[in-house]
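**Student:** Have a look at this one.
The values are calculated or read from the model by the stated rules, or taken from the named source; none is laboratory data. Predicted model, so just to flag it, every value in this text is computed and none were measured. Positions of Cβ are backbone-derived with ideal geometry, glycine not excepted, and every protein chain shown enters the neighbour counts. We work out accessible area using only protein heavy atoms, side chains counted, and drop any ligands, DNA or RNA first. Shrake-Rupley method; radii C 1.70, N 1.55, O 1.52, S 1.80 Å.
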Amino acid sequence: MSYRIPIIFDTDIGVDDAFALLLAAGNPSIDILGITTVFGNNSVDNCTENALRVCELLDLDVPVAKGARKSLFGEEKDYTLHKNNFVHGEDGLGGKRYMLKDPRKKVEDCDAVDLIARLVRRSDEKVVLVPVGPLTNIAMFLLTYPELKSQIDGIALMGGAAYGGNYLPLAEANIANDPEAAKIVFQSGLKIVMCGLDATEKAMLSKDDREMLRVVGGSIGTFYYDMVKDYVTVSERFDPNRLGPCLHDSVPVAWLINPDIVKTEPCHVEVDIVGQYSKACTVTDVLCRDNKPNAMVAFDLNREEFIKLHLDALKWLNRNQ
Amino acid sequence: MSLRPLIIDTDPGGDDAQAIMLLAASGMFNIRAICAVHGNVGLEYTRRNALYLKETAGLTCPVCQGASEALIARQPRAAYAHGNNGLSGLEFEVNEDKISRKHPWDVIYDEALHWGGELEIFAIGPLTNIAITLLRHPDLPNYIKQFTIMGGAATKGNSGAYGEFNIAQDPHALKICLSAGFKKFVMVDLDSCRTAFLTDEEAEYLDNLPMSNPWKPLYDKFAMAQRERRLLMTEEQRQKMGFPKGRGGCDAASAFVLAHPESAVLEDYFCLCETRSTLNFGQTIFDWRGRFREKPNVTLARSIDRDAYAAWYLEMLHSYDGGIES
């Protein structure tokens, strides 16, 4: 068997997170060692429940551990009041979680940070961390297990933006949810691939693509087709001219599978944690004027190839059905 | 058509010089005063340069000198881009006694009252003079028809990752301007300026025009400086910086938008300026998605018709006395 990239998927699962997990689980070049959850799109309790159920759907047997309830310096949010609910639905899966079977798997006894440490220690190969939510767990792992940093091959993350934002004009939601954690991660010295809005807003799932989910994807594809419906509505309200909703969180996974699909440039990235309007901005210097590059920043992607990876993953997962 | 009364606030500056010569040549404006401000180089140079430009352009308006430093945070200059005297080392004599003793803040306000709401301001340097005018005369916006600036950047900056030089020189001044309540505040930012440029072929053609007019020495210095700066960078670096594929000139581009707004794509946005963060100091933030739920306070140029700009530039250059030698 050819080399498979060992990853730990850290997620506030969410609709697009679920697509990212599908992509990772359905691609033979990725070896998911474990899944850790974090607050973000929804409460960490809900996200953990979602992770277990999506694993059941994808027949993915990997350990799942619950992570941070809140940002390093912030308060725990009340998600029953939180407006974020409306992007991913109240259950975080587009209002379709009830369609998923009860999971057989139980959440791990240890927390996310300890699971990451355990998996990294056990792995023969250096591990890639793939966080697609707030970076709280990853920052905590780096703070608590400094001796394991050398066992990390790099971090391929979804978050930030060189230009613009979505949560605020300069702030992307994952970074905005825990800017201090992001700062710790970006200054860690680890290899970082930042898949921010510059590229992920090009990762659109068109109407035709959505139909294809059902055509090629069997029961899994049908669930994804249903799950994404409300996400489409939100996306259209956001920007009616868009081809479809963005699969933000799949972009770092797609980069791991085939770096040619995601165009990156070496940049210096530093997270602003003090600005009046620029707090949580991933300040991206494409010229690296005063500093050496510390991140590869994604600026573009090949949408057709990117979508095709998802359909291929669906086919692969359905191969025995 | 009657001439548009105009105040020019500037820190010349090679591209400021082009802008002033272009506007003077256009015959569309009644230029009421040129106000010098610190910026590209220190005030001791910009006021001299402003005086020289006024005389070269054949204008009769007063030249005043304003602020020598930013309101609050002092910043390094840009002599690397404009030569030590701001006009790429061009040597000239002017009588500095001719600089008006009146301050820009009073000249601008008096002119604004005089023109009863018709006056326009065109500011292409740091906004310190304008901010002082607004602090001293908060009702100024009532009497200003349009306030047009070259400043800010929607994406890449030229002063740090996101800062645009004019604004980064004095972000607090922009903050004051943004909340002053101008009826029309046109912002020609770095991104839009970079859509207006001369192609290498056009620039070469202009450089070799056999002209004998007062603009020529200035033009030649500017052209030479541009060619020299170009050699300092690879095409890849220029592309990363976001430079156009040819010869730019931000203030000239903004002068074109002032004269011919119909040749630019203009959109209204709510704009903020960051002054607390060191990393994002002076960044102009446009609320693209209306997150702050505030009314637009600027009309932002998103792009400029390049061909129209180039044609205008050529026409204006021709229009100076003497024209092309046959």
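**Student:** Might you check whether a residue that is open to solvent by 10 Å² or more (accessible area, probe 1.4 Å), at pLDDT 90 or above, touching an Asp or Glu at 6+ places or on another chain (Cβ under 9 Å) and within 28 Å of B:L23 (Cα to Cα) occurs anywhere in the range B:237-245?
**Tutor:** No, because not a single residue in the range B:237-245 is open to solvent by 10 Å² or more (accessible area, probe 1.4 Å), at pLDDT 90 or above, touching an Asp or Glu at 6+ places or on another chain (Cβ under 9 Å) and within 28 Å of B:L23 (Cα to Cα).
**Student:** Output the residue which, of all residues in the range B:6-26 that are open to solvent by 10 Å² or more (accessible area, probe 1.4 Å) and touching a residue at least 40 places away in the same chain (Cβ under 8 Å), is nearest to B:W115 (Cα to Cα).
**Tutor:** B:S26
**Student:** Can you find a residue in the range A:224-241 that is in contact with a strand residue (DSSP E or B) (Cβ under 8 Å, 6 or more places away or on another chain), open to solvent by 50 Å² or more (accessible area, probe 1.4 Å) and either away from chain B (no Cβ under 13 Å) or assigned to a loop (DSSP other than H, G, I, E, B) (or both)?
**Tutor:** no
**Student:** Still on this structure, please answer the following. I'd like to verify a number: residues in the range A:13-28 that are over 18 Å from A:A203 (Cα atoms) and touching a strand residue (DSSP E or B) at 6+ places or on another chain (Cβ under 7 Å), how many?
**Tutor:** So the count comes out to 1.
**Student:** Here's a follow-up. Restricting to the range B:17-48, count the residues that are closer than 19 Å to B:N213 by Cβ and part of a helix (DSSP H, G or I).
**Tutor:** Residues in the range B:17-48 being closer than 19 Å to B:N213 by Cβ and part of a helix (DSSP H, G or I): 10 in total.
**Student:** Now for a different question. Within the range B:197-243, restricting attention to residues that are closer than 23 Å to B:G58 by Cβ and among the hydrophobic types (A, V, I, L, M, F, W, C), which residue is farthest from the other protein chains (Cβ to nearest Cβ)?
**Tutor:** Among those that are closer than 23 Å to B:G58 by Cβ and among the hydrophobic types (A, V, I, L, M, F, W, C), it is B:M211.
**Student:** Could I ask something else about it? Can you tell me which of (1) open to solvent by 70 Å² or more (accessible area, probe 1.4 Å); (2) at pLDDT below 95 is the one B:S277 doesn't meet?
**Tutor:** Evaluating B:S277 over (1) open to solvent by 70 Å² or more (accessible area, probe 1.4 Å); (2) at pLDDT below 95 leaves (1) as the failure.
**Student:** Out of the residues in the range A:190-204 that are crowded, with 20+ Cβ neighbours inside 10 Å and touching an Asp or Glu at 6+ places or on another chain (Cβ under 9 Å), state the one that is farthest from A:A20 (Cα to Cα).
**Tutor:** A:D198
**Student:** Mind checking which residues of the range A:263-288 are closer than 17 Å to B:G160 by Cβ, more than 7 Å from chain B (Cβ to nearest Cβ) and free of Cβ contacts under 8 Å to residues at least 60 places away in the same chain?
**Tutor:** The answer is A:H268, A:C288.
**Student:** Same structure, new question: Report every pair of residues separated by at least 6 positions or lying on different chains whose Cβ atoms are under 8 Å apart, first residue within the range A:298-321 and over 24 Å from A:E265 (Cβ atoms), second surrounded by fewer than 19 Cβ atoms within 10 Å (Cβ to Cβ) and among the β-branched types (V, I, T).
**Tutor:** Hits for this filter: A:L311/A:V216; A:L314/A:V216; A:K315/A:V216; A:N318/A:V216.
**Student:** Now for a separate question. State whether one or more residues within the range A:78-92 are aliphatic (A, V, I, L, M), surrounded by 24 or more Cβ atoms within 10 Å (Cβ to Cβ) and either without any contact (Cβ under 8 Å) to a residue 40 or more places away in the chain or on the phi < 0 side of the Ramachandran plot (or both).
**Tutor:** Checked against the condition, which is being aliphatic (A, V, I, L, M), surrounded by 24 or more Cβ atoms within 10 Å (Cβ to Cβ) and either without any contact (Cβ under 8 Å) to a residue 40 or more places away in the chain or on the phi < 0 side of the Ramachandran plot (or both), the range A:78-92 yields no hits at all.
**Student:** Kindly indicate whether A:N174 is out of contact with any helix residue (DSSP H, G or I) (no Cβ under 7 Å at 6 or more places or on another chain) and under 23 Å from B:A161 (Cβ atoms).
**Tutor:** So A:N174 fits the description; yes.
Let's see how each residue does on (1) surrounded by 21 or more Cβ atoms within 10 Å (Cβ to Cβ); (2) more than 14 Å from chain A (Cβ to nearest Cβ); (3) closer than 14 Å to B:D189 by Cβ:
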position: B:S263; (1), (2), (3): no, yes, no
position: B:G282; (1), (2), (3): yes, no, yes
position: B:R289; (1), (2), (3): no, no, no
position: B:I304; (1), (2), (3): yes, yes, yes
position: B:D307; (1), (2), (3): no, yes, no
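**Student:** Taking A:R319, is it over 26 Å from A:P169 (Cα atoms), more than 14 Å from chain B (Cβ to nearest Cβ) and not β-branched (V, I, T)?
**Tutor:** Spelling it out, A:R319 is indeed over 26 Å from A:P169 (Cα atoms), more than 14 Å from chain B (Cβ to nearest Cβ) and not β-branched (V, I, T).
**Student:** Give the range A:165-189 a look and list any residue that's closer than 27 Å to A:I307 by Cβ, touching a strand residue (DSSP E or B) at 6+ places or on another chain (Cβ under 9 Å) and either open to solvent by 40 Å² or more (accessible area, probe 1.4 Å) or part of a loop (DSSP other than H, G, I, E, B) (or both), or say none.
**Tutor:** Scanning the range A:165-189 gives A:G165, A:E172.
**Student:** Given A:K263, A:K292, which one is basic (K, R), within 26 Å of A:D208 (Cβ to Cβ) and out of contact with any helix residue (DSSP H, G or I) (no Cβ under 6 Å at 6 or more places or on another chain)?
**Tutor:** Just one listed residue meets the conditions, A:K263.
**Student:** Quickly run through the range B:265-274 and pick out the residues that are in contact with an Asp or Glu (Cβ under 9 Å, 6 or more places away or on another chain) and either open to solvent by less than 10 Å² (accessible area, probe 1.4 Å) or within 14 Å of chain A (Cβ to nearest Cβ) (or both).
**Tutor:** B:Y269, B:F270, B:C271, B:L272, B:E274
Each row is one residue, and each column tells you yes or no for (1) aromatic (F, W, Y); (2) under 21 Å from B:A173 (Cβ atoms); (3) within 14 Å of the chain's Cα centre (by Cα).
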residue	(1), (2), (3)
B:F29	yes, no, no
B:C35	no, yes, yes
B:L43	no, yes, no
B:R47	no, yes, no
B:A57	no, no, no
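**Student:** Pick out the one residue from A:D249, A:D260 that is open to solvent by 10 Å² or more (accessible area, probe 1.4 Å) and more than 14 Å from chain B (Cβ to nearest Cβ).
**Tutor:** Result of the check over A:D249, A:D260: A:D260.
**Student:** Show the residue pairs meeting these rules: Cβ distance below 8 Å; 6+ apart or different chains; first residue within the range A:5-21 and hydroxyl-bearing (S, T, Y); second residue part of a loop (DSSP other than H, G, I, E, B).
**Tutor:** That search, which allows pairs on different chains as well, returns A:T11/A:V38; A:T11/A:V132; A:T11/A:G133; A:T11/A:D249.
**Student:** Given the range A:41-135, what helices (runs of 4 or more DSSP H) lie entirely inside it while holding 2 or more residues that are β-branched (V, I, T) and modelled with pLDDT under 95?
**Tutor:** none
**Student:** Tell me yes or no: at least one residue of the range A:140-152 is more than 14 Å from chain B (Cβ to nearest Cβ), outside any helix (DSSP H, G or I) and more than 30 Å from B:R289 (Cβ to Cβ).
**Tutor:** Within the range A:140-152, one or more residues are more than 14 Å from chain B (Cβ to nearest Cβ), outside any helix (DSSP H, G or I) and more than 30 Å from B:R289 (Cβ to Cβ).
**Student:** I'm trying to understand the selection: among the residues of the range A:1-48, which are among the acidic types (D, E) and surrounded by 24 or more Cβ atoms within 10 Å (Cβ to Cβ)?
**Tutor:** Of everything in the range A:1-48, those that are among the acidic types (D, E) and surrounded by 24 or more Cβ atoms within 10 Å (Cβ to Cβ) turn out to be A:D10, A:D12, A:D16, A:D17.
**Student:** Residues of the range A:129-152 being touching a residue at least 60 places away in the same chain (Cβ under 8 Å) and open to solvent by 10 Å² or more (accessible area, probe 1.4 Å), which ones?
**Tutor:** Hit for the range A:129-152 is A:M140, nothing else.
**Student:** Just a yes or no: is a residue in the range B:170-190 in contact (Cβ under 8 Å) with a residue 24 or more places away in the chain, among the hydroxyl-bearing types (S, T, Y), within 24 Å of B:D305 (Cα to Cα) and open to solvent by 20 Å² or more (accessible area, probe 1.4 Å)?
**Tutor:** No: zero hits.
**Student:** Within the range A:300-316, can one find any residue that is buried (at least 18 other Cβ atoms within 10 Å of the Cβ) and either assigned to a loop (DSSP other than H, G, I, E, B) or within 14 Å of chain B (Cβ to nearest Cβ) (or both)?
**Tutor:** For the range A:300-316, residues buried (at least 18 other Cβ atoms within 10 Å of the Cβ) and either assigned to a loop (DSSP other than H, G, I, E, B) or within 14 Å of chain B (Cβ to nearest Cβ) (or both): absent.
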